[in-house]
């Protein structure tokens, strides 16, 4: 099967938008390249551009501070000894590592790039000479791969979407891509200061350890067609930048540039219509940051004839996922601030997007990188979105909030979507995260709170509490867990997951309705619709409609990073700066039951730990059970008791459900109309 053709056809069929960036040939690239620009340095600036850069360093305080730090680092690097032998990397570094190999490689990468840039800005040969010493050490490495990404460990991984199960070649990974890109730009910057032997030392390494590993062998590298994985963009950018850097000596490398361009375009096709990226926000940020180096250099050298910044999925939402997805700690990704300042600077400059400018100015710190000098802050006028909530439709994530920055307001992140990302996804269809006062009152266990170990990317990941549905804030019937659409060496299962059926943002409250039924085997859980209301600014109401056999045990489970004090009728979640009450409202007798997950990662230095949770547990009296959970701030136990006593739920003869409760001097009422497939909040 030609997966690429199928992928493109599906994009056209289901998105309603044709692929906007047409595929190119190597001849197209060859004709578009401006030969007059190929005098080193040329990738990101030329000799003619340097006066402007130097003036920026002199007059712009941010650029001035960055350059002052770079000079200090460069002067230190001048006298930093370089080990004669590269420290050996442990065979199983995710089980145990002393870190010496990675530290050495990082030092050489940082040293060579810093010294090369300082050479370009000062013209002093001593910086170029020392930069080459660091480069020479990197050229001495057998492979630029992480050991954890070589055959003994990575072979048993469950492969992501659009990747065949039979994968055996593992000599080019994300570190290879990063190093190919870095050595390519350093080659470009150092070129005038090097002799032929030194140039060929770097050129030979770029060819042998990166370019020729993939050139003509694209289909042997799993990441090269994994268009929903950030590895794809990282690997492609490394190949593209390195090939552009070597184009004077090796003009035939235009085929690698064309292939990198085409495949990167296919990767961007997989960005959501609202900018969402299924792997998560931190993986989006890493992937896009890598991509822009190739995008910018190719754009520059072809006089904007091949401009991937114009891809509609990039141009229309350059930072929407970073901004609106804030708090979305889903999968292995981060819910915090993501994206380096220079990534945002470049995206804003190319797209002129005001919301991206607002995110960069309000959420990110000052620049601290070479490329914050080369790509300074844009003068695009920042524009704070009027509507703060967002449904990322392609990946079915929803974030509901009334303010981006005020910690006294609640932010809800929830998701449906498909359980079809065995690389970084979790079995978390229906998950809800609640942040208030800079703390997760309902939390996700993943997202950097635990680390990758020896087996995390194998099928065993589904037994880890942070990746299994067991470790998420979901509904369980007789303990039945969610399933993955893909297991090792087994065919893909279509339709495993759920959908957001309705997203209704509003001034006073936001409402989300989803159906995660088909994330489960459906032997015990026969149906599940989850309704979430954010009554702005701080009240959350969850209604779970659960279909099961009579007598089945139903649990709505919650994990919190706050202290939990369980009472008979409610739980108090005690945070650093406030307390919330979690109040179940059900017709059946229920208990608040504590639980805990055992967790012992496959690492030499790991310690056993328990991960705490609790759940509202009851037994179904009917085929459909409605479980309401109210979560709101309280001053003390007495207030929580009064709110719990005021809560009332009833169902009329037509099946419509009414809910009410009192807080302070206000009464909150919600009506859910009975429709064909279940309840829906009345407008």
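The values are calculated or read from the model by the stated rules, or taken from the named source; none is laboratory data. What you see is a predicted model, and the numbers here were worked out from it, not measured in a lab. Here the Cβ is made from the backbone with ideal geometry for all residues, glycine too, and neighbour counts use every protein chain on show.
Sort out which residues of region 516-527 are within 12 Å of residue 501 (Cβ to Cβ) and crowded, with 24+ Cβ neighbours inside 10 Å, and write them in order of number. Within region 516-527, just 516 meets the criteria.
Total residues in region 579-598 satisfying the condition of being surrounded by fewer than 17 Cβ atoms within 10 Å (Cβ to Cβ) and closer than 28 Å to residue 464 by Cα: the figure is 6.
With respect to residue 509, is the statement that it is within 24 Å of residue 560 (Cα to Cα) and in contact with a strand residue (DSSP E or B) (Cβ under 9 Å, 6 or more places away or on another chain) true? Yes; evaluated as a whole, the condition is true for this residue. Checking each residue in region 411-462 for being touching a helix residue (DSSP H, G or I) at 6+ places or on another chain (Cβ under 6 Å) and more than 25 Å from residue 605 (Cα to Cα) picks out 419, 427, 429.
Determine if region 416-424 includes at least one residue that is assigned to a strand (DSSP E or B) and either crowded, with 24+ Cβ neighbours inside 10 Å or over 19 Å from the mean Cα position of the chain (by Cα) (or both). Taking every residue of region 416-424 in turn, at least one turns out to be assigned to a strand (DSSP E or B) and either crowded, with 24+ Cβ neighbours inside 10 Å or over 19 Å from the mean Cα position of the chain (by Cα) (or both). Residues in region 126-150 that are part of a helix (DSSP H, G or I), over 19 Å from residue 181 (Cα atoms) and either at pLDDT below 95 or out of contact with any helix residue (DSSP H, G or I) (no Cβ under 6 Å at 6 or more places or on another chain) (or both): 126, 129, 147, 148. Candidates in region 386-414 are the residues that are in a loop (DSSP other than H, G, I, E, B) and in contact with a strand residue (DSSP E or B) (Cβ under 6 Å, 6 or more places away or on another chain); of these, the one that is surrounded by the most Cβ atoms within 10 Å (Cβ to Cβ) is 395. Candidates are the residues of region 448-484 that are touching a strand residue (DSSP E or B) at 6+ places or on another chain (Cβ under 7 Å) and under 21 Å from residue 328 (Cβ atoms); the one that is surrounded by the most Cβ atoms within 10 Å (Cβ to Cβ) is 474. Is it true that residue 52 is surrounded by 11 or more Cβ atoms within 10 Å (Cβ to Cβ) and without any contact (Cβ under 8 Å) to a residue 60 or more places away in the chain? The answer is no for residue 52. Scanning region 542-574 for residues that are within 31 Å of the chain's Cα centre (by Cα) and farther than 18 Å from residue 530 by Cα turns up 560, 561, 562, 563, 564, 573, 574.
Would you call residue 427 surrounded by 23 or more Cβ atoms within 10 Å (Cβ to Cβ), in a loop (DSSP other than H, G, I, E, B) and either touching a strand residue (DSSP E or B) at 6+ places or on another chain (Cβ under 7 Å) or in the same structural domain as residue 230 (by TED's automatic domain parsing) (or both)? In short, no. Taken over region 151-166, the criterion of being farther than 18 Å from residue 226 by Cβ and in a loop (DSSP other than H, G, I, E, B) is satisfied by no residue.
Comparison of 662, 676, 596, 642 shows that the only residue that is without any contact (Cβ under 8 Å) to a residue 24 or more places away in the chain and touching a helix residue (DSSP H, G or I) at 6+ places or on another chain (Cβ under 7 Å) is 662. For residue 244, the conditions (1) surrounded by 24 or more Cβ atoms within 10 Å (Cβ to Cβ); (2) more than 18 Å from residue 24 (Cβ to Cβ) are fulfilled apart from (2).
What residue, among those in region 56-107 that are part of a loop (DSSP other than H, G, I, E, B) and surrounded by fewer than 11 Cβ atoms within 10 Å (Cβ to Cβ), is modelled with the lowest pLDDT? Let's see the steps before the verdict.
First pass over region 56-107, keeping only residues part of a loop (DSSP other than H, G, I, E, B): 60, 79-99.
After this cut, where a residue has to be surrounded by fewer than 11 Cβ atoms within 10 Å (Cβ to Cβ) as well, the list is 79, 81, 84-85, 88.
Values: 79: 97, 81: 94, 84: 83, 85: 90, 88: 93.
Applying the filter and picking the extreme gives 84.
Just one of (1) surrounded by 18 or more Cβ atoms within 10 Å (Cβ to Cβ); (2) touching a helix residue (DSSP H, G or I) at 6+ places or on another chain (Cβ under 9 Å); (3) farther than 16 Å from residue 320 by Cβ; (4) not assigned by TED's automatic domain parsing to the domain that holds residue 276 fails for residue 381. It is (1).
Restricting attention to region 575-618, which residues are within 29 Å of the chain's Cα centre (by Cα) and part of a loop (DSSP other than H, G, I, E, B)? Selection gives 575, 576, 577, 600, 601, 602, 603, 604, 605, 606, 607, 608. Being closer than 30 Å to residue 229 by Cα and either outside the structural domain of residue 220 (by TED's automatic domain parsing) or surrounded by fewer than 17 Cβ atoms within 10 Å (Cβ to Cβ) (or both) is a property that does not hold for residue 146.
Residue check: is residue 561 touching a residue at least 60 places away in the same chain (Cβ under 8 Å) and in contact with a strand residue (DSSP E or B) (Cβ under 9 Å, 6 or more places away or on another chain)? Spelling it out, residue 561 is indeed touching a residue at least 60 places away in the same chain (Cβ under 8 Å) and in contact with a strand residue (DSSP E or B) (Cβ under 9 Å, 6 or more places away or on another chain). When residue 36 is tested against (1) over 18 Å from residue 368 (Cβ atoms); (2) at pLDDT 95 or above; (3) within 35 Å of the chain's Cα centre (by Cα), exactly one condition is not met: (3).
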